[in-house]
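K.L.:
Handing you this structure, nothing more for now.
The values are calculated or read from the model by the stated rules, or taken from the named source; none is laboratory data. Remember, it's a predicted structure, so these values are computed and weren't measured experimentally. Neighbour counts run over all protein chains shown; Cβ positions are idealised from the backbone, glycine included. Keep in mind that these areas ignore ligands, DNA and RNA; they rest on the heavy atoms of the full protein, side chains included. Shrake-Rupley method; radii C 1.70, N 1.55, O 1.52, S 1.80 Å.
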Amino acid sequence: MFNKILIANRGEIALRVLRACREMGIASVAVHSTADAEAMHVRLADESVCIGPPSARDSYLNMPAIISAALVTGAEAIHPGYGFLSENAAFAEMVEAHKLVFIGPSPLHIRMMGDKITAKTTMAELGVPLVPGSPGELVSLEDARDVAERIKYPVLIKAAAGGGGRGMKVARSREELDAAWREARAEALAAFGNNAVYMEKYLDKPRHIELQILADNHGEVVHIGERDCSLQRRHQKVLEEAGSPAISPAQRDALGQTATQALKRFGYRNAGTLEFLYQDGQFAFIEMNTRLQVEHPVSEMISGLDLVREQIRIAAGERLGYGQSDIHFSGHAIECRINAEDPDSFAPSPGKVVMFHPPGGLGVRVDSALYAGYSVPPYYDSLIAKLITHGRTRGEAIARMRRALTEFVVTGIKTTIPLHQKILENPEFVAGDYTIHWLERFAGGK
Ligand code: ADP
């Protein structure tokens, strides 16, 4: 096992990794920008290194600075968290080239799944069903027209290098296709430096259901159940649940078997998530995330597994030591992502936190790096807390979430707590009756 791990991230996820390290008796090294000198992850880590000025490009994305920090502190492995460098194959290669361990999959697998066209063709070859669409990159507008005629409108043009919902445009008719083609390519080029796009059928009422996977270096691959992440605004997740209110244990088992067999043949290692759209009883793969996800706690709550601990054990070469039949799910979990944003306009609301009182009690978990007196910097993601509740039933998890949201006090900045309160009171949400388009109608997300 490692003696020391560097955490190449900030905020709640840096704390999340740090907590697993501490429980495992592993020393932690925090890295931070000058804007984060007072951040909680810096305060709680055993050591810390300043790696650059506030802009993420010069700090949390500064690969040489992060590698140097690992080398000078004697860290043996680097955990990238999510976002920043977590899906950067060049970084994983650089880590390995310096005889350090990247806590994640191989650079090859990161690269293959990072290109969504390669990801789809690879998964199709491995027997995973896909959303109908173009066989590969769209080479021209004519090509896009041909594919759209074949799969029928509405269609979605998506960036091959996509992420965060960027470079994605819907065309409902032939007339809309030209603009969608141009806009998707321009947005993809601006966001990812790559204008390659592909096409999918635009599904009108799907749910986003994803499967958490763990794979060790010895050929064991298990799934930790599904998460329903259909509540999204601008293709960004807002609230997640495990399991999905829409699928049965038998459907979970069948999907799990397809996915674990595919990843076994692929030779995947560490944690990963296969994302699917689910409509009319069918699952269709859209992408794979080769990292820990923001919403991983809901899977932890229903399985009792510490996914970060498992990632670290796998990276150290340990065997999982259990198989699928040893994993049992208990109850239901919900996560609300709380952002420093105006709950109506969604405008960012950075600034000084005056009061911070997180909720507690049975079945309540708060993953947050906030504290009273802390200033939320304007430079990074607006996620400030994840509130997770667990109950024996979905109804119990909902009741606990409502109760916890009323206890949660954050003053000085605006937060999306009121939005979550509205969602949790909605009869359609309570009935589990929603698709990926539901929240945009409910909260106005266009
Ligand atoms: P990104 O990597 O940018 O997050 P994804 O491929 O994961 O992109 O898609 C993000 C979200 O966009 C999905 O969760 C879903 O809500 C929506 N979406 C993606 N593909 C389709 C599709 N073919 N039809 C309808 N909605 C889609």
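K.L.:
Return the pair list, or none, for Cβ contacts closer than 6 Å from residues in the stretch 195-223 that are closer than 28 Å to P135 by Cα and part of a loop (DSSP other than H, G, I, E, B) to residues that are within 14 Å of the ligand (Cβ to nearest atom) and of a type in the set (G, A, S), at least 6 apart or on different chains.
P.N.:
Here the result reads N195/A188; A196/A160, each pair linking the stretch 195-223 to a residue that is within 14 Å of the ligand (Cβ to nearest atom) and of a type in the set (G, A, S).
K.L.:
Of a type in the set (A, V, I, L, M), more than 14 Å from the chain's Cα centre (by Cα) and modelled with pLDDT of 95 or more: which single residue out of V221, V298, V294, V308 fits that description? Please lay out each step first, then the result.
P.N.:
Working: V298 fails: more than 14 Å from the chain's Cα centre (by Cα); V294 fails: more than 14 Å from the chain's Cα centre (by Cα); V308 fails: more than 14 Å from the chain's Cα centre (by Cα).
Of the residues listed, the single one that is of a type in the set (A, V, I, L, M), more than 14 Å from the chain's Cα centre (by Cα) and modelled with pLDDT of 95 or more is V221.
K.L.:
Then there is this: From H208, H109, grab the single residue that is open to solvent by less than 30 Å² (accessible area, probe 1.4 Å) and within 11 Å of the ligand (Cβ to nearest atom).
P.N.:
On the way: H109 fails: within 11 Å of the ligand (Cβ to nearest atom).
Exactly one residue qualifies, and that residue is H208.
K.L.:
Now for a different question. What's the number of the condition A191 fails, among (1) at pLDDT below 95; (2) outside any loop (DSSP other than H, G, I, E, B); (3) more than 13 Å from the ligand (Cβ to nearest atom)?
P.N.:
The one condition A191 does not meet is (3).
K.L.:
When you look at E76, is it acidic (D, E), open to solvent by less than 50 Å² (accessible area, probe 1.4 Å) and in contact (Cβ under 8 Å) with a residue 12 or more places away in the chain, yes or no? Break it down stepwise before answering.
P.N.:
Values: acidic (D, E): yes; open to solvent by less than 50 Å² (accessible area, probe 1.4 Å): no; in contact (Cβ under 8 Å) with a residue 12 or more places away in the chain: yes.
For E76, the condition - acidic (D, E), open to solvent by less than 50 Å² (accessible area, probe 1.4 Å) and in contact (Cβ under 8 Å) with a residue 12 or more places away in the chain - is not met.
K.L.:
Taking the stretch 364-420, which residues are open to solvent by less than 30 Å² (accessible area, probe 1.4 Å) and without any contact (Cβ under 8 Å) to a residue 40 or more places away in the chain?
P.N.:
V376
K.L.:
While we're on this one: Only residues that are out of contact with any strand residue (DSSP E or B) (no Cβ under 7 Å at 6 or more places or on another chain), in a helix (DSSP H, G or I) and open to solvent by 60 Å² or more (accessible area, probe 1.4 Å): list them for the stretch 27-61, please.
P.N.:
R43, L44, R57
K.L.:
Moving on. Tally the residues that are crowded, with 19+ Cβ neighbours inside 10 Å, more than 15 Å from the ligand (Cβ to nearest atom) and not β-branched (V, I, T), restricting the search to the stretch 213-233.
P.N.:
The number of residues fulfilling the criteria is 5.
K.L.:
State whether one or more residues within the stretch 155-174 are part of a strand (DSSP E or B) and closer than 19 Å to E335 by Cβ. Spell out the reasoning first.
P.N.:
The initial filter retains those residues of the stretch 155-174 that are part of a strand (DSSP E or B), namely 155-159, 169-171.
Still in the list and also closer than 19 Å to E335 by Cβ: none.
Taking every residue of the stretch 155-174 in turn, none turns out to be part of a strand (DSSP E or B) and closer than 19 Å to E335 by Cβ.
K.L.:
Checking the conditions here, which among L320, L292, L274 is assigned to a strand (DSSP E or B), open to solvent by less than 10 Å² (accessible area, probe 1.4 Å) and on the phi < 0 side of the Ramachandran plot? Spell out how you get there, then give the answer.
P.N.:
On the way: L320 fails: assigned to a strand (DSSP E or B); L292 fails: assigned to a strand (DSSP E or B).
Answer to the selection: L274.
K.L.:
Same structure, new question: Among the residues of the stretch 161-188, how many are within 14 Å of the ligand (Cβ to nearest atom) and either within 19 Å of G133 (Cα to Cα) or surrounded by fewer than 18 Cβ atoms within 10 Å (Cβ to Cβ) (or both)? Write out each step before concluding.
P.N.:
Filtering the stretch 161-188 for residues within 14 Å of the ligand (Cβ to nearest atom) gives 161-172, 180, 184, 187-188.
This time we only want the ones that are either within 19 Å of G133 (Cα to Cα) or surrounded by fewer than 18 Cβ atoms within 10 Å (Cβ to Cβ) (or both), so: 161-172, 180, 184, 188.
Residues in the stretch 161-188 being within 14 Å of the ligand (Cβ to nearest atom) and either within 19 Å of G133 (Cα to Cα) or surrounded by fewer than 18 Cβ atoms within 10 Å (Cβ to Cβ) (or both): 15 in total.
K.L.:
Report whether or not K158 is charged (D, E, K, R), open to solvent by less than 30 Å² (accessible area, probe 1.4 Å) and within 16 Å of the ligand (Cβ to nearest atom). Give the derivation first.
P.N.:
On the way: charged (D, E, K, R): yes; open to solvent by less than 30 Å² (accessible area, probe 1.4 Å): yes; within 16 Å of the ligand (Cβ to nearest atom): yes.
Taking the combined requirement at face value, the residue satisfies it.
K.L.:
Output the residues belonging to the stretch 368-382 that are within 14 Å of V353 (Cα to Cα) and touching an Asp or Glu at 6+ places or on another chain (Cβ under 9 Å). Write out each step before concluding.
P.N.:
Restricting attention to the stretch 368-382, the residues satisfying the condition of being within 14 Å of V353 (Cα to Cα) are 368-378, 382.
Correct list: S368, A369, L370, G373, Y374, S375, P377, S382.
K.L.:
Would you confirm whether any residue within the stretch 239-255 is of a type in the set (D, E, K, R), in a strand (DSSP E or B), modelled with pLDDT of 95 or more and crowded, with 19+ Cβ neighbours inside 10 Å? Working first, answer last.
P.N.:
Initially, the stretch 239-255 is screened for residues of a type in the set (D, E, K, R), giving 240-241, 252-253.
In the following step, the residues that additionally are in a strand (DSSP E or B) were identified as 240-241.
The next check asks that each one be modelled with pLDDT of 95 or more; those that pass are 240-241.
Of the ones still in play, those that are also crowded, with 19+ Cβ neighbours inside 10 Å are 240-241.
Yes; the residues of the stretch 239-255 include at least one that is of a type in the set (D, E, K, R), in a strand (DSSP E or B), modelled with pLDDT of 95 or more and crowded, with 19+ Cβ neighbours inside 10 Å.
Each row is one residue, and each column tells you yes or no for (1) touching a His at 6+ places or on another chain (Cβ under 7 Å); (2) free of Cβ contacts under 8 Å to residues at least 24 places away in the same chain; (3) of a type outside the set (A, V, I, L, M, F, W, C).
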{"position": "A262", "(1), (2), (3)": "no, no, no"}
{"position": "Y268", "(1), (2), (3)": "yes, no, yes"}
{"position": "L274", "(1), (2), (3)": "no, no, no"}
{"position": "Y278", "(1), (2), (3)": "no, no, yes"}
{"position": "H296", "(1), (2), (3)": "no, no, yes"}
{"position": "D306", "(1), (2), (3)": "no, no, yes"}
{"position": "I314", "(1), (2), (3)": "no, no, no"}
{"position": "G331", "(1), (2), (3)": "yes, no, yes"}
{"position": "R337", "(1), (2), (3)": "no, no, yes"}
